[in-house]
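Enquirer: Could you have a look at this structure, given as structure tokens, before my questions?
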Amino acid sequence: MGWQQITLRVGDHDTDALERVLLDAGAAALSYTDAADQPILEPEPGEVPLWADARLTALFPDTLPFEGIGLSLVGEFGNLPELEIALLPEREWEREWLAHFAPRQFAEHFWVAPHEVEFDTQDGDVVLRLDPGLAFGTGTHATTALCLGRLAQLPLRGIEMLDFGCGSGILAIAALLLGAAKATGLDIDPQALTASRDNAAANGVADRLSVALPPNDGSYTRGALPLVVANILAGPLIALAPRISASVAPEGRLLLSGILEAQAASVASAYEPWIEFAPIARQDGWVMLEGTRRDGV
């Protein structure tokens, strides 16, 4: 079986009504994309934003006649400009991502690679095996890449670390593979906790990684730790600055990522009472802040 993909510009149409008509016509999946250049980087908590100018794409089995689908849309909404149809051959879609997710090297000896991809490594190389999933974090985005590159350079042997906003668990697992003794991963998304557990098991470090929802008692760890990493977004990083800073031991190291270059000064300012930052690391318009906890504060 093949598929047909119908794409239309939402414009002023009611998105709920469009979705209803497409689903009633037999759509197997719906997705929205930005029709202009309006990134939505940091929605408010609980908000489900949509671009001001969006495209809606519906996927149908090719056994359904396009004429009937088109008549349903026209009958409900009248003329729909920029409506496009494309035929998609049947493929092993669950493996398509492999063409875009090649092994990536960080520092000199650390790699992130899919489970099924074989490649040449050198003695002493460390390989984290990870497939893209529901939780954020494969190392391809600049925010994660900046953290991975720095972790691969740090002396991690025997330490305990915290990965705040762990997503797929990639940073905590990387630290463990690179020598950390224990890691804690916190995330507000239960799917992220499941993904972190699964990925830790696949990399042989499940016995050294604990994951949980962030506690509400004011402390993210039982005691301050020598390494804390938080790869989330600027808004939450600023709001949580006192609590994240408190989880870092005196002279301990803090890595903050998920920050646009224009947001770096505001984030650094929020942590200034506790953290002394080194020069900023930059990649593709994103930055990572690295600092140490001041002794006695």
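The values are calculated or read from the model by the stated rules, or taken from the named source; none is laboratory data. In this text, all values refer to a predicted model and were calculated from it rather than measured experimentally. Methodologically, a virtual Cβ is constructed for each residue, glycine included, from the backbone with ideal geometry; neighbour enumeration extends over all protein chains shown. The accessibility values were calculated without ligands, DNA or RNA, using every heavy atom of the protein model including side chains. Shrake-Rupley method; radii C 1.70, N 1.55, O 1.52, S 1.80 Å.
Enquirer: I'd like the residue in region 88-142 that is among the basic types (Lys, Arg) and more than 17 Å from the chain's Cα centre (by Cα) and, out of all such residues, is modelled with the highest pLDDT.
Expert: 91
Enquirer: Testing residue 209 on (1) surrounded by 19 or more Cβ atoms within 10 Å (Cβ to Cβ); (2) closer than 26 Å to residue 261 by Cβ, one condition comes back false. Which one is that?
Expert: Just one mismatch for residue 209, condition (2).
Enquirer: What do you reckon, is residue 200 out of contact with any Lys or Arg (no Cβ under 7 Å at 6 or more places or on another chain), buried (at least 22 other Cβ atoms within 10 Å of the Cβ), in contact (Cβ under 8 Å) with a residue 24 or more places away in the chain and of a type outside the set (Asp, Glu)?
Expert: Yes.
Enquirer: Something else: Filter region 178-197 for residues that are surrounded by fewer than 24 Cβ atoms within 10 Å (Cβ to Cβ), over 20 Å from the mean Cα position of the chain (by Cα) and without any contact (Cβ under 8 Å) to a residue 60 or more places away in the chain and give the result.
Expert: 179, 181, 182
Enquirer: Assigned to a strand (DSSP E or B) and open to solvent by 70 Å² or more (accessible area, probe 1.4 Å): is that true of residue 290 in this structure?
Expert: So residue 290 fails the test.
Enquirer: Something else: Restricting the search to region 215-234, which residues are open to solvent by less than 30 Å² (accessible area, probe 1.4 Å), not hydroxyl-bearing (Ser, Thr, Tyr) and not in a strand (DSSP E or B)?
Expert: Listed by number, the list holds a single entry, 234.
Enquirer: Moving on to the next point. Step by step: first the residues of region 114-130, then only those that are without any contact (Cβ under 8 Å) to a residue 24 or more places away in the chain and closer than 11 Å to residue 102 by Cα, then the one that is surrounded by the most Cβ atoms within 10 Å (Cβ to Cβ). Which residue is that?
Expert: Of everything passing the filter in region 114-130, 114 is surrounded by the most Cβ atoms within 10 Å (Cβ to Cβ).
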